[in-house]
Amino acid sequence: MSPNSDTLPGSLSPMWYDVLVVGGGFGGAFAALELEKQLDGRSERVLLVAPESFMLFSPLLPEAASGTLEPRHSVIPLRELLGRTDLLIGHVTSLDVEARKARVADLNGGEHDIEFGSAILSPGSVPATFPIPGLAENAVGFKSLADAIWLRNRVLHQLDAAEAARDLDHRRRLLTFTFVGGGYAGVEALAELESMTRDAVKRYPTLSIADCRWVLVEAQDSLLPGLHPKLARFTEKVLRRRGIEVHLDTRLESCVDKRVELSGGRVAPYDSDTIVWTAGQRPAPLASQWGLPTDDRGFVPVDDHMRVDGRSDLYAVGDFAAVPDPAGGLAPNTAQHALRQAKVAAINVAATFGAAEPRRFTYRTRGLAVTLGKWQGTAQVKRFTFTGPLAWWMGRSYHLLMMPGIARKSRVVSDWTMALLFPRDVSQLGQLGTPSPLE
Ligand SMILES: Cc1cc2nc3c(=O)[nH]c(=O)nc-3n(C[C@H](O)[C@H](O)[C@H](O)COP(=O)(O)OP(=O)(O)OC[C@H]3O[C@@H](n4cnc5c(N)ncnc54)[C@H](O)[C@@H]3O)c2cc1C
């Protein structure tokens, strides 16, 4: 270890680490947590680098957007979760896996050179976009906590603006919400926000839910790829019953000036003030910069020990990696898989120190659950399918089980209980993050 002489005394002074973990999401945070368990009482040092000081529990993001859950409760502070791991909040800007060196840009714009023995990489994914006219300027994603908070405030802002609008066309444009991409994120976000709007609109004397237009556009012939077709059809039926337009086999062709044009000619072009792009993710575009191998979709291939190129000092997990699924093919990019892969990678790193036995990734998908707003959901557990309130409850219970820490679990349960007992909080806090200037 070579201590840095010009740094303040504190946890980050040695810039040599036995293990570097990149990313503080499901893969990174759970890898660090497992390393703490495996290396308990030993001297190996672990550094986790993440751009935010919290882990986003993304399965709860749609509920954070709809206000069923306090947004702060959908994150887990990394400093609360991890006890003996050093944290550096910033981005890994370069990585040399041969020299085992990384450079990190911190929040002050400063740079840190890190040398490491082994690395576990989990920088996740970014929204997969296409060069559709108007998309970059007019659409937003649904991936971060900021996206969820923005979208909630946006919907409530649109209701207030529509209530005050005098022109009917203007009002229609304000109240039209288009979601492009009928996967889990798109369906859950739309369903939760529409459900919130149903509650909120009752407080507006001149508005009704019929004034709102919700449109879901999906390029494939079914919603929710990967889910049992029966459940995908059930989901479609529930959404349509609520008056949501579902356009399958349809693509967004243009949204210049927020005028939406869809393929197929079945839907006349229309104005939509809010357009949300939820049409899939692609791995964080870092692999080529870091000289890592990739498959044709940009994922870093790993073996069943999570090793990159069979190396025992380099591991990749989560949405960044192409992981062999024990059932055949590749494991899906989900939180439940990322956290199990992270544990396997951490155990295998610990094994290189003689602290554990090497392990293979053998996890098979147990099930999937989709919440569709209050009391509505679909769930699949192995070959059994569930719909309605039971599925909604099962989805919630599963997410709660996945969440680490009794304090966080309790906060979430308390939010859910309050949401069942009392009307939804529909305060619009769009000014958050913009402090008032002093006169
Ligand atoms: C809205 C939504 C809902 C979802 N719902 C579910 C669900 O119900 N069930 C389920 O199983 N899965 C769900 N998922 C998928 C799940 O969130 C992902 O599969 C999972 O988060 C993948 O974990 P990860 O660690 O690979 O990536 P992430 O959790 O995204 O973490 C990656 C982290 O790496 C950081 N990072 C990126 N670049 C760098 C860098 N250069 N240096 C340092 N850090 C970096 C990122 O900022 C991020 O914090 C959902 C996803 C979304 C967006």
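Among the residues of segment 128-155, those identified as among the hydrophobic types (A, V, I, L, M, F, W, C) and part of a loop (DSSP other than H, G, I, E, B) are Ala128, Phe130, Ile132, Phe142. Scanning segment 227-269 for residues that are β-branched (Val, Ile, Thr) and not in a helix (DSSP H, G or I), we see that the one that is most open to solvent (accessible area, probe 1.4 Å) is Val267.
The set of residues from segment 299-330 being of a type in the set (Gly, Ala, Ser) and either open to solvent by 50 Å² or more (accessible area, probe 1.4 Å) or at pLDDT below 95 (or both) comprises Gly310, Ser312, Ala327, Gly328, Gly329. Exactly one residue out of Ala219, Ala210, Ala191 is in contact (Cβ under 8 Å) with a residue 40 or more places away in the chain and surrounded by fewer than 23 Cβ atoms within 10 Å (Cβ to Cβ): that is Ala219. Here is the figure for segment 322-333: residues that are within 24 Å of Leu61 (Cα to Cα) and in contact with a strand residue (DSSP E or B) (Cβ under 8 Å, 6 or more places away or on another chain) total 2.
Quick check, is Arg424 more than 16 Å from the ligand (Cβ to nearest atom) and at negative phi? Answer is yes for this residue. Among the conditions (1) of a type in the set (Ser, Thr, Tyr); (2) open to solvent by less than 50 Å² (accessible area, probe 1.4 Å); (3) more than 16 Å from the ligand (Cβ to nearest atom), the only one that Tyr363 does not satisfy is (3). Would a scan of segment 407-429 turn up a residue that is surrounded by 14 or more Cβ atoms within 10 Å (Cβ to Cβ) and in contact with a strand residue (DSSP E or B) (Cβ under 8 Å, 6 or more places away or on another chain)? Yes: one or more hits.
For the subset of segment 85-139 comprising residues that are more than 9 Å from the ligand (Cβ to nearest atom), among the small types (Gly, Ala, Ser) and within 30 Å of Arg154 (Cα to Cα), which member is most open to solvent (accessible area, probe 1.4 Å)? Top of the filtered list is Ala136.
Considering only segment 270-305, state which residues are within 12 Å of the ligand (Cβ to nearest atom), of a type in the set (A, V, I, L, M) and assigned to a strand (DSSP E or B). Result: Val276, Val300. Close contacts from segment 328-345, counting a first residue that is within 13 Å of Phe26 (Cβ to Cβ) and a second that is among the charged types (D, E, K, R) and near the ligand (Cβ under 8 Å from one of its atoms), with Cβ to Cβ under 9 Å and a gap of 6+ residues or different chains, come to Asn333/Asp319; Thr334/Asp319; Ala338/Asp319.
Being on the phi < 0 side of the Ramachandran plot, assigned by TED's automatic domain parsing to the domain that holds Phe30 and within 16 Å of the ligand (Cβ to nearest atom) is a property that Gln341 has. Give me the residue from segment 25-73 that is open to solvent by less than 50 Å² (accessible area, probe 1.4 Å) and among the charged types (D, E, K, R) and, out of that set, nearest to the ligand (Cβ to nearest atom). Filtering first and then ranking leaves Glu63. Checked across segment 220-230, the condition of being under 23 Å from the mean Cα position of the chain (by Cα) and more than 30 Å from Pro131 (Cα to Cα) holds for at least one residue.
Only residues that are of a type in the set (D, E, K, R) and farther than 18 Å from Gly24 by Cα: list them for segment 282-327, please. If you could, list the steps in order and put the result at the bottom.
Step one: of segment 282-327, the residues of a type in the set (D, E, K, R) are 282, 295-297, 303-304, 307, 309, 311, 313, 319, 325.
Matches in segment 282-327: Asp295, Asp296, Arg297, Asp303, Asp304, Arg307, Asp309, Arg311, Asp313, Asp325.
The values are calculated or read from the model by the stated rules, or taken from the named source; none is laboratory data. Just so it is clear, the structure is predicted and the values come from calculations on it, not from any experiment. So basically every Cβ, Gly included, is an ideal-geometry build from the backbone, and we count neighbours across all protein chains shown. Areas reflect the complete protein model, heavy atoms only, side chains present, ligands, DNA and RNA absent. Shrake-Rupley method; radii C 1.70, N 1.55, O 1.52, S 1.80 Å.
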